[in-house]
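Taken together, the values in this text are just the output of simple stated rules run on the coordinates, not laboratory data. Computed from a prediction, not measured in an experiment: that's the story for all the values here. Please note: Cβ atoms are built from the backbone with ideal geometry, for glycine as well, and neighbour counts cover all protein chains shown.
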Amino acid sequence: MISANQITGLILAGGRAQRMGGIDKGLIPFHGNALIESAINRLKNQVGHILINANRNITHYSVYGYPVIRDEAPDFSGPLAGFSAGLKACKTPYLLTAPCDSPLLPLDLGSKLAEELESGNYQLVYASTKEFNSKVWKQPVFCLMRSDIADSLDTFLRKGDLKIDHWFNGLHTSTVIFEHAQAFANVNTPEELKQLEDLIK
């Protein structure tokens, strides 16, 4: 059985946040605290270690006491660049990823993904949600992967492809469907930020 101590949590805070006007989303106030603090608080008991992937405001993120790692390329290449940086810095057998702007992420994310990963000896397991219309949506930035797939990701990125689904297609993967889609709600616009704050009230 995979224990929390075998998992490193990677919080992705390296994006441009263009729909938020370019503001660093992880540092946006959310109920009086930086948005990333919610992600840290919900992830910290699910993992043995935490890494923060950020490409700006490094000093601000360092305040939380966790290693802050940058993408290798300075061009905001998306979540796969963050995954790559996280895998290189990971010192445990497994890496659990989550974005900085989903303050309601499930408290059982790691345990459910770990159970599925072990059940089929998968390389990577990602979250999915079922919406009201019964349609299943992938939530690929919420995933648990074996840290030994770092070479696979490097090879993929060298081809110039940055699409997360394309990389997943080359791996032995599975998914876990979570019932509460709102747990994966993220902040892309000021309107979504207000909606999430109102929801938690």
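Some points to look at:
- Taking every alpha-carbon pair in the range 91-201 and binning the separations at 5 Å intervals from zero gives 2, 11, 20, 21, 19, 14, 8, 5, 1, 0 percent.
- Extension gain, N57 back to N5 (0.36 nm per residue minus Cα-Cα distance, nm): 15.9 nm
- Kirkwood Rh and Cα Rg combined as Rg/Rh, the chain: 0.94
- Note on the range 1-120: antiparallel DSSP beta bridges, both residues inside, total approximately 10 percent of the bridges counted.
- The range 132-172: projected area of the alpha-carbon convex hull, averaged over directions, in nm²: 3.8
- If you plug the beta carbon distance of V136 and D198 into 1/(1 + (r/R0)^6) with R0 = 25 Å, you get a FRET efficiency near 0.40.
- The lysines whose alpha-carbon is closer than 30 Å to the alpha-carbon of K135, local same-chain residues fewer than 8 away aside, are K25, K112, K163, K194, K201.
- Cleavage-rule hits, GluC sites (Glu not before Pro), the range 132-201, DSSP coil, Cβ neighbours within 10 Å at most 16: E179
- Set of aspartates and glutamates near K88 by C-alpha distance (under 16 Å), chain-local residues within fewer than 8 positions excluded: D71, E72, D148, D151, D154
- Each of L80, L199, L109, L10 was scored by other Cβ atoms within 10 Å of its Cβ. Arranged with the fewest first, they read L199, L80, L109, L10.
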